[in-house]
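Remarks on the structure that follows.
The values are calculated or read from the model by the stated rules, or taken from the named source; none is laboratory data. Just so we're clear, the structure is a prediction, and the values are computed from it rather than from any experiment. Reconstructed Cβ throughout: ideal geometry from the backbone, glycine too, with neighbour counts over all protein chains shown. When the accessible area is computed, the model is the full protein with side chains, heavy atoms only, and any ligands, DNA or RNA have been set aside. Shrake-Rupley method; radii C 1.70, N 1.55, O 1.52, S 1.80 Å.
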Amino acid sequence: MSELKELVEKFIELDDDLNEKIEAALDESEELDDSFEEENSEQLEELGEIYHEIEHLVFNEEFIIVSNANSEEKEIVALIITDEEDEAEEFVIPVYTDEEEANKAIETFKEQFEENEFVCDKKIGSEIVADYAEDEEFIGLAINAPQWDFVIGGEDVHDCCE
């Protein structure tokens, strides 16, 4: 398993645990009290450190990207995120850490869009972000989507500490 995949799984696990603590605290009170952050400071700090490591790994990681080969120009698959309140449409680019994850996603895409033919290519994370950086609707990269619920913001992908 890749280092990136391990870190994302660890981040998701810690984040889910923290969300359960937040829900439990909100069951007792309408707001989180000031002590919550203090009591969970180690976990919050660890989440921040892991996310920062992920930012660096994504910058240099070679991902598998999925494209629709049926269009005139091969189109990379994007996942649309709609905010119902203001009807804004933003998108993320799903990227995959290995062929197994990409194949799972393709099966899901085929169920939704039977008429399309999907192909895979490889590209470095920083290149993918650069390709869409000028698009105001671009949010970031969804790693191993739709299996995981993890998006890293395009502006977060960087390589500052190497």
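Numbers below:
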quantity	calculated
Tally of residues being under 16 Å from Val77 (Cβ atoms) and free of Cβ contacts under 8 Å to residues at least 24 places away in the same chain across the range 114-134	2
Close pairs from the range 61-80: first among the acidic types (Asp, Glu), partner surrounded by fewer than 16 Cβ atoms within 10 Å (Cβ to Cβ) and modelled with pLDDT of 90 or more, Cβ under 6 Å, at least 6 apart	Glu62/Lys122; Glu62/Ile124
So Ala24, is it within 23 Å of the chain's Cα centre (by Cα), aliphatic (A, V, I, L, M) and at negative phi	no
Residue that is farthest from Val8 (Cα to Cα) [pool: residues in the range 25-62 that are modelled with pLDDT of 90 or more, open to solvent by less than 60 Å² (accessible area, probe 1.4 Å) and not in a helix (DSSP H, G or I)]	Asn40
Failed item in (1) within 19 Å of the chain's Cα centre (by Cα); (2) under 18 Å from Ala145 (Cβ atoms), with Glu3 passing the rest	(2)
Lone unmet requirement of (1) of a type in the set (S, T, N, Q); (2) farther than 26 Å from Glu53 by Cα; (3) out of contact with any strand residue (DSSP E or B) (no Cβ under 8 Å at 6 or more places or on another chain) for Asn116	(3)
Selection count, the range 65-100, where residues are of a type in the set (S, T, N, Q), open to solvent by 20 Å² or more (accessible area, probe 1.4 Å) and at pLDDT 90 or above	1
So Ile22, is it farther than 27 Å from Glu101 by Cβ and in contact (Cβ under 8 Å) with a residue 12 or more places away in the chain	yes
Ala142, sole failed condition from (1) in contact with a Pro (Cβ under 6 Å, 6 or more places away or on another chain); (2) surrounded by fewer than 12 Cβ atoms within 10 Å (Cβ to Cβ)	(2)
Residue list for the range 148-162, filter: under 11 Å from Val8 (Cβ atoms) and open to solvent by 50 Å² or more (accessible area, probe 1.4 Å)	Asp149, Val151
Inter-residue pairs, beta-carbon under 9 Å, first over 15 Å from Glu136 (Cα atoms) and in the range 81-106, second part of a loop (DSSP other than H, G, I, E, B) and open to solvent by 80 Å² or more (accessible area, probe 1.4 Å), 6+ apart	Thr97/Met1; Asp98/Met1
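Conditions (1) in contact with a Lys or Arg (Cβ under 7 Å, 6 or more places away or on another chain); (2) under 21 Å from Glu3 (Cβ atoms); (3) of a type in the set (Ser, Thr, Tyr), marked per residue:
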{"position": "Glu53", "(1), (2), (3)": "no, yes, no"}
{"position": "Ile65", "(1), (2), (3)": "yes, yes, no"}
{"position": "Ala69", "(1), (2), (3)": "no, no, no"}
{"position": "Lys74", "(1), (2), (3)": "no, no, no"}
{"position": "Asp83", "(1), (2), (3)": "no, no, no"}
{"position": "Glu100", "(1), (2), (3)": "no, yes, no"}
{"position": "Glu114", "(1), (2), (3)": "no, no, no"}
{"position": "Glu134", "(1), (2), (3)": "no, no, no"}
{"position": "His158", "(1), (2), (3)": "no, yes, no"}
